[in-house]
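Undergrad: Would you mind keeping the following structure in view while I ask a few things?
The values are calculated or read from the model by the stated rules, or taken from the named source; none is laboratory data. Keep in mind the model is a prediction, meaning the values are calculated, not measured. Cβ coordinates were reconstructed from backbone atoms using ideal geometry, including for glycine residues, and neighbour counts include every protein chain displayed. Quick note on the areas: whole protein, heavy atoms, side chains included, nothing else; ligands and nucleic acids left out. Shrake-Rupley method; radii C 1.70, N 1.55, O 1.52, S 1.80 Å.
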Amino acid sequence: MKLYFQVAKNTWDEMLTYRFNFVMWRVRNVLQLLTVYYLWLAVTPQNGQIFGYNRPLILTYVLGATLVGSIVFSTRTQEMGDNINNGDLSQFLIRPFRYLGYWFARDIGDKLFNLSFAVGELAIFFLILHPSLFLQTNIAFLLLTILAVLLAVVMNFFIGSLLGMIAFWSPEVWAPRFIFFTLVSFFAGGLFPLDILPITLQRIFALLPFSYLGYFPIAIYLGKFSSTQLVQGFCIAILWSILLYILLSVVWRKGLKIYSSEGN
């Protein structure tokens, strides 16, 4: 455990070394936040509702999507593909730790670093604009929100790792990842709450893992789910986590069988 903690700490040091890349990432997030915020501010009546959301609820959703996105979608798993393609994976296989555990520790370090800046950005945003927000006071909902975010972190790590392992079969890793996560940001409810969609689409999205990466935790915080919906949602999220882990284990074993380490 101490070893993985050091890996997470080293990720912080690395991100401080490559400051420009990190700053551009944060600027992109801030611009996206402002765009979505002002869009919903313009279309939501001050004392009315749109799609079942009043202004405090929809603005809280927008800010929550930014915060949850900083935790869930920040990842280092894209570097797995580089490791495999250039042969550096061989160096990791002989080290005294699990390869996936190493990258999960890197992910945690990355997420904590992004989260610290996201909280600061949202604090400045709140102090300047004073948006009307919904504050959840029910402890049970707050704890369930945290649990849903943790599940989302695990699922996103499994998905990111699977995409990184495409490198076992193809050197083209970046393009599939970019396309996939661009679509995921939509299907996860990063731009709007998914319950404004037609009921048929909502039911389809509820069976897929993507809504549990963003929409599900935020909707819990907003108190949008009944007890039955909460149990059903957590069961589906846990089931997807198990299935993704099994799939990742299978892909990892099959990938190692054909790994040839040309880079080294």
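Undergrad: Can you pull out the residues in the range 26-48 that are assigned to a loop (DSSP other than H, G, I, E, B) and open to solvent by 50 Å² or more (accessible area, probe 1.4 Å)?
TA: P45, Q46, N47
Undergrad: Right, next: Tell me, which residue of the range 147-180 that is of a type in the set (F, W, Y) and surrounded by fewer than 18 Cβ atoms within 10 Å (Cβ to Cβ) is nearest to Q32 (Cα to Cα)?
TA: Per the criteria, the residue is F178.
Condition check ((1) under 15 Å from the mean Cα position of the chain (by Cα); (2) over 27 Å from G109 (Cα atoms)) across all residues:
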{"residue": "A188", "(1), (2)": "yes, no"}
{"residue": "I204", "(1), (2)": "no, yes"}
{"residue": "Y212", "(1), (2)": "yes, no"}
{"residue": "G255", "(1), (2)": "no, no"}
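Undergrad: Then there's this: Out of curiosity, is T77 at pLDDT 85 or above and among the β-branched types (V, I, T)?
TA: no
Undergrad: Which one of these does L144 not meet: (1) surrounded by 13 or more Cβ atoms within 10 Å (Cβ to Cβ); (2) out of contact with any helix residue (DSSP H, G or I) (no Cβ under 9 Å at 6 or more places or on another chain)?
TA: (2)
Undergrad: Given the residues F104, F178, which is the only one that is in a helix (DSSP H, G or I) and out of contact with any helix residue (DSSP H, G or I) (no Cβ under 7 Å at 6 or more places or on another chain)?
TA: Working: F104 fails: out of contact with any helix residue (DSSP H, G or I) (no Cβ under 7 Å at 6 or more places or on another chain).
On inspection, the qualifying residue turns out to be F178.
Undergrad: From I246, I242, I218, grab the single residue that is exposed (fewer than 13 other Cβ atoms within 10 Å of the Cβ), under 20 Å from V72 (Cα atoms) and out of contact with any Asp or Glu (no Cβ under 6 Å at 6 or more places or on another chain).
TA: I242
Undergrad: Residues being within 14 Å of the chain's Cα centre (by Cα) and either charged (D, E, K, R) or modelled with pLDDT under 85 (or both): count how many of those fall in the range 144-177.
TA: 1
Undergrad: Search the range 49-93 for residues being acidic (D, E) and part of a helix (DSSP H, G or I), and hand back the single one that is most open to solvent (accessible area, probe 1.4 Å).
TA: Result: D82.
Conditions (1) within 27 Å of Y102 (Cα to Cα); (2) among the β-branched types (V, I, T); (3) assigned to a helix (DSSP H, G or I), marked per residue:
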{"site": "L150", "(1), (2), (3)": "yes, no, yes"}
{"site": "S161", "(1), (2), (3)": "yes, no, yes"}
{"site": "L201", "(1), (2), (3)": "no, no, yes"}
{"site": "A206", "(1), (2), (3)": "no, no, yes"}
{"site": "F225", "(1), (2), (3)": "no, no, no"}
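Undergrad: Can I ask one more? Being more than 23 Å from the chain's Cα centre (by Cα), among the charged types (D, E, K, R) and at pLDDT below 80, is that true of even one residue in the range 5-21?
TA: Within the range 5-21, the first condition is being more than 23 Å from the chain's Cα centre (by Cα), and the residues that meet it are 17.
Among the residues that remain, those that are also among the charged types (D, E, K, R) are: none.
Within the range 5-21, none of the residues are more than 23 Å from the chain's Cα centre (by Cα), among the charged types (D, E, K, R) and at pLDDT below 80.
Undergrad: Would you mind finding the one in S185, S227, S211 that is more than 23 Å from L59 (Cα to Cα) and among the polar types (S, T, N, Q)? Steps first, answer last, please.
TA: Details: S185 fails: more than 23 Å from L59 (Cα to Cα); S211 fails: more than 23 Å from L59 (Cα to Cα).
Every option except S227 fails the conditions.
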